[in-house]
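The values are calculated or read from the model by the stated rules, or taken from the named source; none is laboratory data. Since the structure is predicted, the reported quantities are computational estimates derived from the model, not experimental observations. Cβ atoms come from the backbone with ideal geometry, glycine included; neighbour counts cover every protein chain shown. Remember, those area values only see protein heavy atoms, side chains included, never the ligands or the DNA or RNA. Shrake-Rupley method; radii C 1.70, N 1.55, O 1.52, S 1.80 Å.
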Amino acid sequence: MASQWERGAWAGMLGRNCWLGGWRGAGLELPEQLGLPLDPWECPRPGWTLGLGSTWDGGRCPCSWQGVALGGLQGPSQPKPVWNSMKFLGGQNGVIPPTLSPFEVLQTMPIETNPTWQDPFPGSSPALGPLCRKWEGGDPGVANQKTPTSLLLTPEGTFHSFGYTARDYYHDLDPEEAREWFYFEKFKMKIHSTSDLTMKTELEAVNGKKMPALEVFAHALRFFKQHAVQELKDQCPSLPENDAIRWVLTVPAIWKQPAKQFMREAAYKAGLVSPEAPEQLLIALEPEAASIYCRKLRLHQLIELSCRPPASGAEPPHPIDSSFRQAREQLRRSRHSRTFLVESGVGELWSEMQAGDRYIVADCGGGTVDLTVHQIEKPQGTLKELYKASGGPYGAVGVDLAFEKLLCHIFGDDFIATFKAKRPAAWVDLTIAFEARKRAAAPSRSSPLNISLPFSFIDFYRKHRGHNVETALRKSNVNLVKWSSQGMLRMSPEAMNELFQPTITHIIQHIDTLLKKPEVQGIKFLFLVGGFAESAMLQRAVQAAFGHCCRVIVPQDVGLTILKGAVLFGLDPGVVRVRRSPLTYGVGVLNKFVEGKHPQEKLLVKEGKNWCTDIFEKFVAVDQSVALGEVVQRSYCPARPGQRRTIINIYCCDTDDVVYITDPGVRKCGTISLELGDVGDATGDAGPAWGRREIRASMQFGDTEIKVTALDTRTARSVRATIDFLSN
C-alpha cells in the first residue's frame, strides 16, 4: 500500500476532484499496485500530451496545473503545486518526481547534432511523465519531438529563428538574399573538432560567412531558455524565473574540458544562469545520462536485437522474460485510464541485475559516438565507471559526408563547393531529401532509394559544366547510382550500404577495442542509444559483431534516452559515484636536482641550490578512478610580498608515464587563478613575514567538470579561485 506521503502526492497530481477510492485494494489498479509504466493519455489541449491526471469531463482537463505539479503533499483536501519539475529539449516539457532540491524546476537541454527520427512517446519512462509540446515541421503532417540544430540569423547578426522554422525560412529566401544571412546547421561538432578552442573561435555558416562560435551557441541556448520559461510560466505564473530553475546541458563524454567550459560560458552569455550562481547549471555527459536512464528501465521496455523475429516470422529463441512482458502488456491494454506513471525502483533493470554486473552504453548520435562502461553498485543502484569514456566523430553525420563525397566524385569537388556557396537553400533541400532516404535504409531492403535533385541543382550544373547531370553520371563510372528521368538519383541498396559502411566500421572497431581492455571484462549488456541507434543498418551490424558475447539491447524510446537520463542526473548528480580521469593532469614544479637522474639542461641554480626545472607533478593520472567529492590538495606560497594574484599553469597528456612538462604529448591545457587580495584585508595590518603565507588549493576531478577552491590557511578564509581552459 502507498505511504501517507505517496497518497498525498498522487492526490496533488490528480487534482482536488479526483477520487482515489481510499486506496483500498488491487482491484482499483492504482499505480502502486500495478507498477506499470503506461502510455500517456492525450489532453484536448492542441499539441500537448499530458502525463499525469485522470480522464477528463466535458472536454476540459481536470488535473491541477495541467499535469505539471507533482507536489500536493498536504493531501487531497489541499492540493498545492509544491514542486514543478520539467525537462526541455526542442519544446519538450515533461514531469519528474519530487526531490529534495533547492530548485523548483529542472530543465535539461541536450543540443543534438541531428534530429532523431522519433515517433511520439511510444511507451513510458520509469521516472518521467511527459508533457510534450511537439514541433511542427519536417515531413508534412508530422509533429516532431525534436527539432534540428539549425540556427538562422539576420544579415545584421541578430536572432531570427531556430529548428525547422529556421530551415524552412532559409529555404524560401531568394538565392541572392540568402547569401547575406547566417544559417548554421549541425554546428555542435565544430566545438569538438576545434583543437585550439577559445572564446574567439569562429563558426562558418553554410554560405561561408563567419561569426564567433560563442555568439552562435548563445543564440541557440537563449532561444531554448525563452521557450522553456514561457511554457513554465503558462503552467505556473507565480514561478520565480531567476533562482527556481536548475538547467542541465548535455555534452558528449569525449569532449575535453575546454569544450565543456565553452558551453558553460555560452550559457552565461545566453542568460540561463549567472556566473555568480554556477551551481544552477549542471554539465551532464551524454552516455552517462543514457546509462542512468537504462539502469532504470524495466524488462518490457527493452528490445533485444537477438530476440527480434526473423524474416521467416519464427519466434525468437530466448526473449527477455517474454511471459513477464506479455502479462504486463495485457494489463496495460486492459486499462481504460492510461496514466503515465512515476514508479518505484521495484522491477527496474538494475534491481534485476546482480551486484557487480557490468554493461556498456554506446551513445550513437548525429555527430559523435560515445562509449561508457559502468558497473552497478548495490544496494542503492549507484554507478561506477570502469574505463574512461571514449569514442570519436563516428555519428550519423559521417553518412551525410559520405554522400557529399559521392556527389563530389560524380559532379566534381569544385562544382559542389560552388553550388553550396551560390545556392545554399537548394543545398539544404538536397540534404533534407537525402536524410529522408537515409532513414529508410535497411539491410533487408532490395528496392532502390530515390533521391530528388532540386531543379536549381540540375539547372546550375548544366550552366556550370555545359552538359546535364545524366552525362555526369555516365562519365563518373558509378555503377550503383543511376539517373531517373523524373529528376532523381536512383541509389541501389548496395550504394546506400557503402555510404554507411565507413561510419559503422569505425563504431564496430571502437567497441571491439574497448571490449578487449583488461578492465572491461564480463560485460553482460551492450545498450545502443541515441538517434543513430534507430538505424536498422547500425543495429544489424552491432548485433552481428557482438551478439555472441553480450546481449545487445535498444531501449524502446531510444531517441529520448539521453534527455530522460539528464533529468534523472539533475535530480541526483551523485548517482555516478566513481569516474575515470580521461587525461593525466598536473603542474610544472621545481625539485631537488639529482646527478645522474636529471638531465643537465634541466639544472637551475638558485641561491646556491641546485634545482631541476619542469618536473611534471601529477594531480591525477589517466584512467585513474576518482570518487565523486574526492579532492587533490596542493599548497602554494606567494612569490613576493604584496602579490595579489597567482597564476598556475595546468598541463595534461594522454599517458601516465611522463616526467617533464616538456615531454612529447604534454601540453598546456589551462590555468588556475588565485585572487590573493591583500593580507591586510584579513588581518587589519601588514601581517608577519610573507614567506609563511600559504594558499591551499583543492581540486575535484571526479565530477563532469574539473573544479577548484582555495583557502588561505593563515586566516581560514576562502580565496577566489578559478580554472580556465579557454585562455590558451
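The single condition among (1) open to solvent by less than 20 Å² (accessible area, probe 1.4 Å); (2) in a strand (DSSP E or B) that HIS160 does not meet is (1).
Test THR655 against the stated conditions and say whether it is over 21 Å from GLU276 (Cα atoms), outside any strand (DSSP E or B) and modelled with pLDDT of 90 or more. Before you say what the answer is, go through the steps one by one.
On the way: over 21 Å from GLU276 (Cα atoms): yes; outside any strand (DSSP E or B): yes; modelled with pLDDT of 90 or more: yes.
Taking the combined requirement at face value, the residue satisfies it.
Taking (1) at pLDDT 90 or above; (2) buried (at least 16 other Cβ atoms within 10 Å of the Cβ); (3) touching a Gly at 6+ places or on another chain (Cβ under 7 Å); (4) not hydrophobic (A, V, I, L, M, F, W, C) in turn, SER492 satisfies each apart from (3). A count restricted to the stretch 490-526 and to residues that are in a strand (DSSP E or B) and more than 20 Å from PRO443 (Cα to Cα) stands at 4.
Among the residues of the stretch 599-631, which ones are small (Gly, Ala, Ser) and open to solvent by 60 Å² or more (accessible area, probe 1.4 Å)? So that I can check it myself, show each step before the final result.
Looking only at the stretch 599-631, we keep the residues that are small (Gly, Ala, Ser), and these are 608, 621, 625, 627, 629.
Correct list: GLY608 only.
If a residue must be assigned to a strand (DSSP E or B) and farther than 30 Å from VAL373 by Cβ, how many such residues does the stretch 583-627 contain?
Quick first cut of the stretch 583-627, residues assigned to a strand (DSSP E or B) only: 584-592, 603-606, 609-620, 625-627.
Next, only the ones that are farther than 30 Å from VAL373 by Cβ stay: 588-592, 603-606, 609-615.
Total satisfying the criteria: 16.
Applying the set (1) among the β-branched types (Val, Ile, Thr); (2) surrounded by fewer than 19 Cβ atoms within 10 Å (Cβ to Cβ); (3) assigned to a loop (DSSP other than H, G, I, E, B) to THR165 leaves exactly one unmet item: (3). Pairs meeting the criteria (first residue in the stretch 693-704 and within 15 Å of THR715 (Cβ to Cβ) and open to solvent by less than 20 Å² (accessible area, probe 1.4 Å), second residue of a type in the set (Lys, Arg) and assigned to a loop (DSSP other than H, G, I, E, B), beta carbons under 8 Å, at least 6 apart or on different chains) are ARG693/ARG714.
Just one of the numbered conditions (1) open to solvent by less than 50 Å² (accessible area, probe 1.4 Å); (2) touching a Leu at 6+ places or on another chain (Cβ under 7 Å); (3) not small (Gly, Ala, Ser) is not true of PHE525: (2).
Each residue in the stretch 438-459 was checked for being part of a helix (DSSP H, G or I) and surrounded by fewer than 19 Cβ atoms within 10 Å (Cβ to Cβ), and 6 of them qualify.
For the stretch 632-665, the set of residues classified as closer than 17 Å to ARG580 by Cβ, open to solvent by 50 Å² or more (accessible area, probe 1.4 Å) and in contact with a strand residue (DSSP E or B) (Cβ under 7 Å, 6 or more places away or on another chain) consists of THR655, ASP656, listed by residue number. Of all the residues in the stretch 412-425, those that are among the hydrophobic types (A, V, I, L, M, F, W, C) and surrounded by fewer than 21 Cβ atoms within 10 Å (Cβ to Cβ) number 4. Among the residues of the stretch 496-514, those identified as free of Cβ contacts under 8 Å to residues at least 40 places away in the same chain and either buried (at least 19 other Cβ atoms within 10 Å of the Cβ) or not charged (D, E, K, R) (or both) are GLN501, ILE504, THR505, ILE508, GLN509, THR513.
Taken over the stretch 372-397, the criterion of being farther than 27 Å from ASP623 by Cβ and open to solvent by less than 20 Å² (accessible area, probe 1.4 Å) is satisfied by ALA396 alone. Each residue in the stretch 256-289 was checked for being crowded, with 17+ Cβ neighbours inside 10 Å and on the phi > 0 side of the Ramachandran plot, and 0 pass. Tallying residues that are at pLDDT below 90 and within 19 Å of TYR636 (Cα to Cα) within the stretch 592-612 yields 1.
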